[in-house]
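Chemist: The structure's right below; bear with me while I get my questions together.
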Amino acid sequence: MTISADEIKKKAENLIKVYHEDLQTDLIYELEQLVPMMKSQPQDFLTKVQDEKSNLISPFKVLNWLVEKQMIDVFPNVYIALRIFVTIPIANSEAERSFSVLKRIKNMYRAVILDERLTSLTRLAIESELLRLIEFDDLIHDFVILKLRKKNFN
Amino acid sequence: MVDWMNFLQKDSRIDKELVKQMESEIEYWTEILKRIVAVIRFLAERGLPFRGTNEVIGSPDNGNYLGIIELLAQFDPLLKGHLINYANKGRGNVSYLSKTICEELIDLMSKKVLNQIISEIKSAKYWGIIVDSTPDLSHVDQLSVIFRYYLNGHVHERFVCFLQIKSHTGEQQSIDILRLLEKYGLNIKDCRAQTYDNASNMSGKYSGLQACLKKENELAVYVPCVGHSLNLVGECSVNENIHSANFFYLLQNLYNFFSSSTHRWNILQQENGKVTSLSITRWSKRADAVSALVNNFAGIYNALNQLANDETQKLDTRHEASSLKNKIIKLENAFMAVLWHAILSRFDATNSYLQKVELDLNVATIMMFSLIEYLKNLRGDFSKIEKNSKALNTVIIQEYYDVNKRKITKKLNDGEKEQEKLSGSDKFRVNTFYVIVDKLIAEMHKRIEAYAHITYTFGFFYVIF
């Protein structure tokens with residue numbers, strides 16, 4: 001299923017109208033260049049940008065492809081449009097996940113936990129992947145200096 | 001001048017010894033803190049509790065935090081020395097093992113994670129917001145705030161904080177959210193989407209949270225959560241018809257009956273039967289309960305039979321068992337089991353797929369359309385489903401309940417024709433089967449409608465070549 005160049009143009013114009021603060025009319029020209037370029041890619045390109053289940057072009061994968069090929073400066077408006085699109089959430093499953101963590105942390109035995117601490121602990125538990133990436137050396141250093149100074153002044 | 005230069009060199013300063021001591025002390029405490037931070041991180045990322053009933057090193061009740069530090073000290077000479085020299089000294093003595101320091105570090109670490117998230121959101125520029133609330137254990141409503149953004153080839157959905165809300169109105173929640181954004185230095189103008197469940201205080205057209213935020217930024221499109229949408233589709237359709245509502249009550253009753261006593265549960269296990277409770281949160285998880293009945297029908301039936309005929313059981317237990325037994329062998333219920341098994345297994349698989357973070361809306365709507373197609377095909381399969389439900393087990397009654405009912409013959413007046421009355425299979429097909437399937441299809445269409453504006457705007461990206 002593909003649509004004609006005219007239709008792409010019409011749809012792109014509509015997109016520019018909706019997101020007139022983010023997108024410039026250049027989007028139309030960018031698409032006119034990008035679409036034929038994508039068509040002329042080798043066959044394995046298609047499998048690279050397709051969604052596995054629906055076999056449709058996945059904007060997310062096209063976006064990553066543009067980033068990977070370092071072509072975001074060539075297609076700045078396409079880059080913006082795709083980024084806006086993948087930002088749109090479709091489910092609040094992440095919120096539900098946070099509730100599972102909430103139930104684990106604020107449980108029967110820890111019911112008097114303060115709100116601020118609850119947020120802190122939940123954040124650390126949910127974003128543990130981020131927590132692992134963060135270097136704490138600076139933090140530790142600052143902390144030690146702060147405490148030692150306090151101690152010496154006492 | 002040279003003297004001055006020399007003076008600036010640390011070695012020749014009058015406080016040379018002090019500086020040296022200070023430096024070695026800094027090093028010592030840094031090493032100790034590294035270990036403490038690692039322990040806190042370990043506990044925090046697993047969501048484990050920190051503190052116990054006391055703070056005495058050496059006591060088994062001192063909680064996970066001190067417990068792990070003690071454990072580490074067994075293998076780490078530095079920490080071991082530290083515990084010997086500093087532990088259990090009481091207030092006023094610095095050991096860095098107190099709850100105050102621990103709390104301070106937790107706070108600092110979570111702020112650091114928060115700052116990382118916020119700086120990522122800022123460099124991503126565009127973000128979407130996901131909000132949902134739940135009452136917690138102490139009956140306080142926790143509003144969970146999550147940001148979605150694209151950065152460096154990944155879509156992230158990051159938890160930012162809980163807000164404790166006093167008021168449920170959309171206006172108040174929007175004030176809270178806007179205040180939060182201001183605190184973090186995020187601009188509402190960069191918001192491009194908002195997702196909530198379909199609760200009216202959030203999704204309301206005029207004063208829901210989405211409408212209030214839209215007033216601030218019209219580009220913040222509202223996308224109802226697809227998972228919740230599927231849930232609502234299901235819930236509306238189940239309660240549309242008495243047979244399906246009864247059927248799900250029956251499933252829950254089966255579970256309640258077996259789970260309320262260990263003896264009954266054992267008998268069920270011996271018969272290789274299995275029952276599952278209906279999930280309250282996720283509708284499509286009822287698939288588990290339905291498939292438990294379909295796949296273990298004989299086991300459940302035999303267990304009920306055994307309990308009903310067991311003379312050592314209390315009378316009301318036997319009565320309950322036999323009435324449940326009589327219910328599950330009814331053709332109506334068997335039909336419902338087979339039908340809902342067919343529907344729910346597809347719904348459940350789709351629902352799980354829709355929870356992937358990197359999924360986009362068009363694929364989601366296409367998946368939902370494919371469910372509609374599936375339902376449409378199912379609509380033509382009445383006789384097949386009927387056949388399968390009759391074949392579910394030999395004990396299934398082979399006729400619908402109303403067939404054996406006494407027929408009331410109406411005396412006809414002149415010129416009046418006898419009304420055509422449906423019965424048995426036809427009646428069930430028209431009044432139950434079609435009603436359920438059609439309601440499902442209609443509800444699906446209604447929910448998909450909510451995404452039409454976005455698929456209209458962005459949909460062409462899927463078909464550009």
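The values are calculated or read from the model by the stated rules, or taken from the named source; none is laboratory data. Everything quoted here is computed from the prediction, not taken from an experiment. Counting neighbours? That spans all protein chains shown, and the Cβs are built from the backbone with ideal geometry, glycine included.
Chemist: What helices (runs of 4 or more DSSP H), lying completely within segment B:196-254, carry at least 1 residues that are within 16 Å of residue B:168 (Cβ to Cβ) and more than 11 Å from chain A (Cβ to nearest Cβ)?
Modeler: B:200-203, B:209-216
Chemist: Got at least one residue in segment A:46-62 being farther than 28 Å from residue B:351 by Cα and of a type outside the set (Asp, Glu)?
Modeler: Looking for residues that are farther than 28 Å from residue B:351 by Cα and of a type outside the set (Asp, Glu), one finds none in segment A:46-62, hence no.
Chemist: Further question on the same structure: Just give me the residues in segment A:125-144 being at the interface with chain B (Cβ under 7 Å from one of its Cβ atoms) and either assigned to a helix (DSSP H, G or I) or of a type in the set (S, T, N, Q) (or both), in sequence order.
Modeler: Once the filter is applied, which keeps residues that are at the interface with chain B (Cβ under 7 Å from one of its Cβ atoms) and either assigned to a helix (DSSP H, G or I) or of a type in the set (S, T, N, Q) (or both), segment A:125-144 yields A:125, A:126, A:128, A:130, A:131, A:139, A:140, A:141, A:143, A:144.
Chemist: Got at least one residue in segment B:81-100 being within 13 Å of chain A (Cβ to nearest Cβ), outside any helix (DSSP H, G or I) and touching a Gly at 6+ places or on another chain (Cβ under 8 Å)?
Modeler: no
One line per residue, one yes/no per condition, for (1) of a type in the set (Asp, Glu); (2) under 30 Å from residue B:423 (Cβ atoms); (3) at pLDDT 85 or above:
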position: B:244; (1), (2), (3): no, yes, yes
position: B:263; (1), (2), (3): no, no, yes
position: B:283; (1), (2), (3): no, no, no
position: B:293; (1), (2), (3): no, yes, yes
position: B:313; (1), (2), (3): no, no, yes
position: B:325; (1), (2), (3): no, yes, yes
position: B:344; (1), (2), (3): no, yes, yes
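Chemist: Also, I was wondering about something else. Mind checking whether some residue in segment A:83-91 is more than 7 Å from chain B (Cβ to nearest Cβ) and free of Cβ contacts under 8 Å to residues at least 40 places away in the same chain?
Modeler: Within segment A:83-91 (the criterion being more than 7 Å from chain B (Cβ to nearest Cβ) and free of Cβ contacts under 8 Å to residues at least 40 places away in the same chain), the answer is no, since none of the residues qualifies.
Chemist: Return yes when residue A:80 is surrounded by 15 or more Cβ atoms within 10 Å (Cβ to Cβ), in contact (Cβ under 8 Å) with a residue 40 or more places away in the chain and more than 7 Å from chain B (Cβ to nearest Cβ) and no when it is not.
Modeler: yes
Chemist: Among the residues of segment B:118-142, which ones are more than 9 Å from chain A (Cβ to nearest Cβ) and in a strand (DSSP E or B)?
Modeler: Across segment B:118-142, the qualifying residues are B:135, B:141.
Chemist: Could you please find all residues in segment A:17-66 being of a type in the set (A, V, I, L, M), assigned to a loop (DSSP other than H, G, I, E, B) and more than 8 Å from chain B (Cβ to nearest Cβ)?
Modeler: Of everything in segment A:17-66, just one residue is of a type in the set (A, V, I, L, M), assigned to a loop (DSSP other than H, G, I, E, B) and more than 8 Å from chain B (Cβ to nearest Cβ), namely A:23.
Per-residue answers, yes or no, for (1) β-branched (Val, Ile, Thr); (2) closer than 30 Å to residue B:232 by Cβ:
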site	(1), (2)
A:11	no, no
A:28	yes, no
A:49	yes, no
A:80	yes, no
A:84	yes, yes
A:99	no, yes
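Chemist: Does residue B:168 qualify as being surrounded by fewer than 16 Cβ atoms within 10 Å (Cβ to Cβ) and either on the phi > 0 side of the Ramachandran plot or in a strand (DSSP E or B) (or both)?
Modeler: Spelling it out, it is not the case that residue B:168 is surrounded by fewer than 16 Cβ atoms within 10 Å (Cβ to Cβ) and either on the phi > 0 side of the Ramachandran plot or in a strand (DSSP E or B) (or both).
Chemist: Further question on the same structure: Out of the residues in segment B:4-50 that are of a type in the set (Phe, Trp, Tyr) and within 37 Å of the chain's Cα centre (by Cα), which is modelled with the lowest pLDDT?
Modeler: B:50
Chemist: Before we move on, is residue A:45 loosely packed, with under 15 Cβ neighbours inside 10 Å, modelled with pLDDT under 90 and touching a helix residue (DSSP H, G or I) at 6+ places or on another chain (Cβ under 9 Å)?
Modeler: So residue A:45 fits the description; yes.
Chemist: Taking interchain pairs and intrachain pairs at least six residues apart, which have beta carbon atoms under 6 angstrom, with the first residue in segment A:111-124 and at the interface with another protein chain (Cβ under 7 Å from one of its Cβ atoms) and the second of a type in the set (S, T, N, Q)?
Modeler: A:111/B:138; A:115/B:164; A:120/B:110; A:123/B:110; A:124/B:110
Every residue, every condition in (1) farther than 21 Å from residue B:149 by Cβ; (2) modelled with pLDDT under 90; (3) of a type in the set (Phe, Trp, Tyr), yes or no:
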position: A:32; (1), (2), (3): yes, yes, no
position: A:38; (1), (2), (3): yes, yes, no
position: A:41; (1), (2), (3): yes, yes, no
position: A:52; (1), (2), (3): yes, yes, no
position: A:59; (1), (2), (3): no, yes, no
position: A:76; (1), (2), (3): no, no, no
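Chemist: What number of residues in segment B:60-77 are surrounded by 14 or more Cβ atoms within 10 Å (Cβ to Cβ), assigned to a helix (DSSP H, G or I) and away from chain A (no Cβ under 13 Å)?
Modeler: Number satisfying all stated conditions: 7.
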